[in-house]
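The values are calculated or read from the model by the stated rules, or taken from the named source; none is laboratory data. Small disclaimer: the values here were computed from a predicted structure and weren't measured. Cβ placement follows ideal geometry from the backbone for every residue including glycine, while neighbour counts extend to all protein chains displayed.
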Amino acid sequence: MLRYMARRLVILLLSLFVAAIVLFVLLRLLPGDPANALVGVGATPEQIAAAQAQIGSDQPLAAQFVTYLGDLARFDLGKSFVSRAPVLEEISRRLSVTLPLTLSAFLLSMLIAIPLGILAAVKSDRWYGLLLSVVSQVGIAVPVFWLGVLLVYVFALNLRLLPSGGFPLRGYGDPARAVTSMVLPVLTIALIMSASLMRYVRAATLEVLGSDFLRTARALGESRTGALMRHGLRNAAVPVISVLGIELSTTFLGAVVVEQVFSLPGMGSMLLLGIQQRDYPNIQGVLIISTLLVLLTGFLADLLQRVLDPRLRKEARR
Amino acid sequence: MISITDITRQGARGRSALVALTASSVLALSSAAALAQDFDPQAVINIGSLYEPQNLDNTQGAGQGINEAFNGNVYEGLFVLTDAGEVEPKLVDSYKISEDGLTYTFTLKEGVTFHSGEPLTAADVKSSIERVTAENSASSRKRTLAVIAGIETPDEQTVVVTLSAPSISLPYNLSYVWIVNDAAGDISSGEDGTGPYTLQEWRRGSALAMVPFDGYWGEEPTNGGVMFQYFTDATAQNNALLTGAVDIITSVQSPDALSLFTDNPDFTVSEGASTTKELMAYNDRVAPFDNAIVRSALARAVDNEKLLQAIWGDYGTLIGSFVPPTDPWYEDLTGVNAYDPESAQQMLAEAGYADGFSFTLDTPDYDPHPVVAQFLQNELAKVGVEVKINIITANEWYTKIYKAHDFDATLQEHVNHRDIVFYGNPDFYWGYDNPEVTRLITESENVASMDEQTEMLAKANRIIAEDAASMWLYLYPQIVVSTSNVSGYPLNGLNSQFFVSDIKKAD
C-alpha cells in the first residue's frame, strides 16, 4: 500500500509538471502581448515598453519559462500583472469561498443521491422508483446557470428569503450573512450534481442486486435489505467512488459558472477576470492550483477504493 | 469598453446652458424630494457597480472603478470636475497665471489634513503631480501633463508650476491628479487622501467600504458611509437592487432590465448626460472613405433615430458630431448630413459610386456593436452599399485597427470627456487629416482665455461634422437607478466619477 501510494504521488507530481508546461505554452500561444492589455489603448510605445519590462514579457520565451518553473518549484506563483497582489495570497482568499462551496455542495449531493439512488434501484418496479429515475434523467439535462437563475427568481426575488448574490465584506467575520449567501449557490450545484450521481448509484445498486453473492446471501436466510446492507453496498460503493472523485473535480471547475451567477468572489471569478485582463500569473496560478486539487481528488478516490476493495490491494501487491 | 488616452484640452466655463439647466433641475427636484422627508445621517449607502478597481492606485492601471470609488470621495485634486462638467477649485484657495501663460502659482487651502492626520503642504502637491508624470506611471493623464517643465514649492502653502508651452487645460487636467500624502508610499492597497471618506475595508472580488473622515475640512457627508458592492454580471446587480441588497446602481449598460424599475414606485430611474459615443469610424486614408462626399452620403443614408430607438428605446441622444453636450464646445449638429436617403444616392453618384461599393466593417464582438453593424448593413444596402461584417475581439481591434490602421471601417464606443482632440491628430487610428482642424485643435491649447478655446474647438467641431469625418451614431444614455428613498447622487458620472457625500437615505 505504501509503495503504491508513493508511486501514485510521483505520478501526481509528474502530471502537475506536465500541466504547468502545457499551461505556459497555451497562454503564450495567444496573440498579442499582455502589456498591451495592461496599459490600455492609446499608451505611448514607452509606456508599453515600461509595462513589458515590469511584467517581464520583453524577455525571450525560454528565459520566461525558466523563471516560471523556478518560481513554481519554490511555490511562488508570482504577482498579478494587474493588481500587483501576490497570486497565492489571493488564491487562498478565493479558496475560502470556493472550497466550502464545492465541498458542501458535494456532501449535500451525496446525502440526496445515495439514498434516493438506492431507493430507485430497489423499488425500480414501483411508480416512485421510476419517477426518481426520470427526475434524475431530466436533472442531468438542466444547465447549471439556468437552475441558478431559477432559484434566485424564486427564493430571492419572489420569496425574499435569501440574498440573490454577493458575499459579505467581512467574509466569515459576518457568519450569518456568509452562510445565507452560500445557500443558493450550494443548492444549485448540489441539485445538478445529485441528478447524475443518483443514476450511478442506481446503476451500481441494480448490478449488485442481480449478483450471485447476493442471491447466495439470501439463500442463506438473509432478508433482501439485510443482504444489501451487509454485502451489497460495499460492492456498489467501489464504482460509485471513482465516479465521485470525477464529480468532485467537475464541481470544482463548474463553480466558475455558479460564482458568476451569484457574484461570489471565488476562484472561478478570479479565473474569468484573469482571462479578460490577460493576467497570466493569475490564470496560471488558478489553473495550477485547480489541477493540483483535481489530481489530489483522484488520488484520494483511488486510495479509498483500495481500502474498500481488498481485491484491488492484492492486485497492487502483485 | 475602450478608454482612449485622453489628449484632452480644456475650457472650464462656457457650458451648454440647456444641459446644465436640465441636470440642475433634476438635481433640484430630487433634493426637494429629500427635503420633504427626513434623512438618516447614519445610514450606510450600498452602491452596486460593475467596475471593481484592480488596485487602489490610479497611476497603476487600476481601471475606471478606482475613479468611481475614490475621486472626490477619498482623494481630492487641486481642482474638481463637477458632475455638471465645470472645473472648480478644490484644494486650491486661489491661483494666478503669468502673462505668458507659462507659470501657474497655486495657493493651497488652509486647514486641510490627510486621513493620517498630517497637514496638506506644497510638497505633497509636488510629489502627487510627479506620481502621475513619473516614468513608471500608467496614468492616462501622463501625456497631457508632460507640458509641465518644473514644480517649485517656495513655502508650505504655495506651488509654482512652470510649463514648456501655454496650456489652458491645466486646471482641468489637474482635476484628475489625486493629492496624496507624500509620506504614504505604496497606495495600491491603502490610501492617504484628504477626501470626506476614509477607506474602511476592501475585499477583492466583493466590496469596498468607506466611512466619513472626522477631520474633513469641508462639509460633512449626509450619510454614515458607503459600500461599493461589485458584480461581474449585470443581472446579479439588478437582482441585488430588486431585493434591497443595494440602494443604487451606478450605470445601466443595457436597456433590457429597465422595465423592472421604470414602472415601479419603489425605484427611481434617472437619465443623466453621458460622454460615451457610439460611432462608425472610417479609415479616412483609404478610398472611398478619403472622399468627404462619400462619407456625407453614408451619413445621410442611415436613420440614427431608428437605430437609437431600436437599441435604447426612449433613452440616449443623437449628437450629429463627436462632441457630447457636457463638453463646453458642444453645439447641436444633428442637422448636418441629416437622414436623407435620396440625397445620399445623388451624392454617391456624384462621387462616382452610382452603383454603390462594398466594404468590410470590423465589428467588436460585444454589445451593442454586432446589432449596430446589422442595422448599418440593412440601411446602407438601400443605397447600394454592401457592408461585410467582420466580427473581431477587443484585442484584435487594438492590434489590427488601433495600431496597424489595417481596416476599412470599424465600430467603437469612445467614452471620454473632451476628446474631440483626437480629430486633430492625423496619426490617430481613423486617419482624419484636415490641416485646419489640426491647427484649431493644437492652437486652442495655447490661447489666453477659455472663451477663445471654446470658440476654436466649436469651430473645429463644425468642420468635422461637415466633413462627416466619422459616422456618429448616438450618445449612450447614462442611467442611474436607485430605490426611491435614496437621493442626492450624481447623474452624469463624468469620467466615471461618482461623488457620494451628498447621498441621503430617508428613514
**Report entry** Candidate set: region A:74-86, residues that are in contact with a helix residue (DSSP H, G or I) (Cβ under 9 Å, 6 or more places away or on another chain) and more than 12 Å from chain B (Cβ to nearest Cβ); chosen: the one modelled with the lowest pLDDT
**Finding:** A:Phe75
Query - Residue check, B:Leu279 more than 14 Å from every other protein chain (Cβ to nearest Cβ), touching a residue at least 40 places away in the same chain (Cβ under 8 Å) and in a strand (DSSP E or B) - result: yes
Query raised in the report: Among A:Ala227, A:Ala255, which is surrounded by 21 or more Cβ atoms within 10 Å (Cβ to Cβ), more than 28 Å from A:Tyr128 (Cα to Cα) and touching a helix residue (DSSP H, G or I) at 6+ places or on another chain (Cβ under 9 Å)?
Result: A:Ala255
Requested in this report: Taking the options A:Glu315, A:Glu259, name whichever one is of a type in the set (D, E, K, R) and at pLDDT 85 or above.
Outcome: A:Glu259
Query raised in the report: In region B:292-375, which helices (runs of 4 or more DSSP H) lie fully inside it and hold 3 or more residues that are under 22 Å from B:Phe422 (Cβ atoms), of a type in the set (Gly, Ala, Ser) and under 30 Å from the mean Cα position of the chain (by Cα)?
Result: B:292-301
Query raised in the report: So which residues in region A:50-108 are among the polar types (S, T, N, Q) and under 18 Å from A:Val294 (Cβ atoms)?
Result: A:Ser92, A:Thr98, A:Thr102
Query raised in the report: Taking only pairs six or more apart or across chains, which ones have beta-carbon atoms under 9 Å, a first residue in region B:351-371 that is at positive phi, and a second residue that is surrounded by 14 or more Cβ atoms within 10 Å (Cβ to Cβ) and assigned to a loop (DSSP other than H, G, I, E, B)?
Result: B:Gly352/B:Pro288; B:Gly352/B:Asn291; B:Gly356/B:Val383; B:Gly356/B:Gly384; B:Gly356/B:Val385
**Report entry** Qualifying positions in region A:233-276 - at the interface with another protein chain (Cβ under 10 Å from one of its Cβ atoms), of a type outside the set (A, V, I, L, M) and out of contact with any Gly (no Cβ under 9 Å at 6 or more places or on another chain)
**Finding:** A:Gln276
Report summary line: Checked region A:165-205 for anything within 14 Å of chain B (Cβ to nearest Cβ), of a type in the set (S, T, N, Q) and in contact (Cβ under 8 Å) with a residue 24 or more places away in the chain; matches are A:Ser181, A:Thr188
Query raised in the report: Among the residues of region B:188-198, is any part of a strand (DSSP E or B), under 24 Å from the mean Cα position of the chain (by Cα) and farther than 30 Å from B:Ser444 by Cβ?
Result: yes
Query raised in the report: Within region A:69-86, is even one residue assigned to a helix (DSSP H, G or I) and surrounded by 20 or more Cβ atoms within 10 Å (Cβ to Cβ)?
Result: no
Requested in this report: Report yes if A:Gly139 is within 11 Å of chain B (Cβ to nearest Cβ), farther than 21 Å from A:Ile289 by Cβ and in a helix (DSSP H, G or I), otherwise no.
Outcome: no
**Report entry** Which numbered condition B:Val246 fails, given (1) touching a residue at least 12 places away in the same chain (Cβ under 8 Å); (2) within 14 Å of chain A (Cβ to nearest Cβ); (3) surrounded by 16 or more Cβ atoms within 10 Å (Cβ to Cβ); (4) outside any loop (DSSP other than H, G, I, E, B)
**Finding:** (4)
Requested in this report: Would you please name the residue that is modelled with the highest pLDDT, looking only at residues in region B:254-300 that are under 16 Å from B:Ile479 (Cα atoms) and small (Gly, Ala, Ser)?
Outcome: B:Ser270
